[in-house]
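The values are calculated or read from the model by the stated rules, or taken from the named source; none is laboratory data. The structure displayed is predicted, hence computed values, not measured ones. Virtual Cβ from ideal backbone geometry, glycine too; neighbours counted across all protein chains shown.
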Amino acid sequence: MKMCFFINPSQPQSQTLKTKLKELGYMVLQTQNTDEIDQAGKQCQQLILFFDDSKFAYKFLKENRWNGFRLFSVLLLLKKPVLSPDNQRMLASVALEVFGIEEETQLLEKIKKFEEKKEDDLDIEFSIHKELEENQ
Amino acid sequence: MTTLPEAIRKKQFLVTDDYESMRVMIAEHLKQLGVEKILFASSGNQALKMIKQNQGKSEQIEFLLTDMIMEDGNGIELVKAVRADATLKSLPVLMITSKAEVGLVIDAVKAGVNNYIVKPWQLEDLAKKIIDSQAKIKS
């Protein structure tokens, strides 16, 4: 089962993104309930989370990542990507992959690569991210 | 390929969970196991209403899969209410719990749950637990 959660309730949902994800076999749901996301993530092993705002994405994931959200991988999709190295580094510490949906041509490729990630990759990524986090 | 015996596949299932994502995932697995008739409830109270309303009708609930902790009427209370009705004593009930809720399983069994499965589950385990829940009703 492939699942994507649209997180920000205020955002005008990107219909194009929804359609693309559905074409790739994703169930698209909207929630901010961290317990639901945690349970779904553990069942699916991988989740795509779509945020409108990078600051909110960082806050939301940082608050939950090292508690519940650590047994599955997250592809963080952002409506408005923040490209400064500092912000990229911050977001990389809370998600396995970060991608701005404005770069539409690469979106399918990015999602497919994310789906191919193995558990070993995930362990390595987590240890790197944890190291980054601790050094901040 | 894992599947359920025909007698179980033909049953009307009711999936009760307050999280839409969980309802969708459980239903997806039931479909993979060959179940075609699936209804949904998002709370224990709604599930009980559906079970009672559908009794004796074409959509009579013949197998209940329920989450343990829900905001509006939890799974254990639902099962207690089901078992309190003599006509529902033979309804198989499989409870779905998270690891954190395993301590409540004894209460669930006392309430009349036939078996339980811990999230995240594997398709094969779900099939085994469904078959076991049905067998416990028969015995």
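Given the criteria in a loop (DSSP other than H, G, I, E, B), of a type in the set (A, V, I, L, M), under 12 Å from B:Thr16 (Cβ atoms) and under 13 Å from the mean Cα position of the chain (by Cα), does B:Ile61 qualify? Give the derivation first.
On the way: in a loop (DSSP other than H, G, I, E, B): yes; of a type in the set (A, V, I, L, M): yes; under 12 Å from B:Thr16 (Cβ atoms): yes; under 13 Å from the mean Cα position of the chain (by Cα): yes.
So B:Ile61 passes the test.
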Query raised in the report: Of all residues in the range B:93-136, which are within 20 Å of B:Glu28 (Cα to Cα) and among the aliphatic types (A, V, I, L, M)?
Result: B:Val93, B:Leu94, B:Met95, B:Ile96, B:Ile117, B:Val118, B:Leu123, B:Leu126, B:Ala127, B:Ile130, B:Ile131
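To keep it simple, each residue is scored yes or no on (1) away from every other protein chain (no Cβ under 14 Å); (2) assigned to a helix (DSSP H, G or I); (3) modelled with pLDDT under 95; (4) out of contact with any strand residue (DSSP E or B) (no Cβ under 6 Å at 6 or more places or on another chain).
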{"position": "B:Lys31", "(1), (2), (3), (4)": "no, yes, no, yes"}
{"position": "B:Leu39", "(1), (2), (3), (4)": "yes, no, no, no"}
{"position": "B:Lys49", "(1), (2), (3), (4)": "yes, yes, no, yes"}
{"position": "B:Glu71", "(1), (2), (3), (4)": "no, no, yes, yes"}
Query - Single residue of B:Asp125, B:Asp132 found to be within 14 Å of chain A (Cβ to nearest Cβ), modelled with pLDDT of 95 or more, surrounded by fewer than 21 Cβ atoms within 10 Å (Cβ to Cβ) and within 21 Å of B:Thr2 (Cβ to Cβ) - result: B:Asp125
Query raised in the report: Which of (1) at pLDDT below 85; (2) exposed (fewer than 15 other Cβ atoms within 10 Å of the Cβ); (3) among the small types (Gly, Ala, Ser); (4) under 23 Å from B:Ser21 (Cα atoms) does A:Ser84 not meet, given it meets every other one?
Result: (4)
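Residues are listed down the side, and each one gets a yes or a no for (1) in contact with a Lys or Arg (Cβ under 7 Å, 6 or more places away or on another chain); (2) among the β-branched types (Val, Ile, Thr):
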| site | (1), (2) |
| --- | --- |
| B:Lys57 | no, no |
| B:Leu78 | no, no |
| B:Arg83 | yes, no |
| B:Val93 | no, yes |
| B:Ile96 | yes, yes |
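Quick check on this structure: which one of B:Glu101, B:Glu36, B:Glu124, B:Glu77 is out of contact with any Pro (no Cβ under 8 Å at 6 or more places or on another chain) and touching a residue at least 60 places away in the same chain (Cβ under 8 Å)? Give the steps one after another, and end with the answer.
On the way: B:Glu101 fails: touching a residue at least 60 places away in the same chain (Cβ under 8 Å); B:Glu36 fails: touching a residue at least 60 places away in the same chain (Cβ under 8 Å); B:Glu77 fails: touching a residue at least 60 places away in the same chain (Cβ under 8 Å).
Among B:Glu101, B:Glu36, B:Glu124, B:Glu77, only B:Glu124 is out of contact with any Pro (no Cβ under 8 Å at 6 or more places or on another chain) and touching a residue at least 60 places away in the same chain (Cβ under 8 Å).
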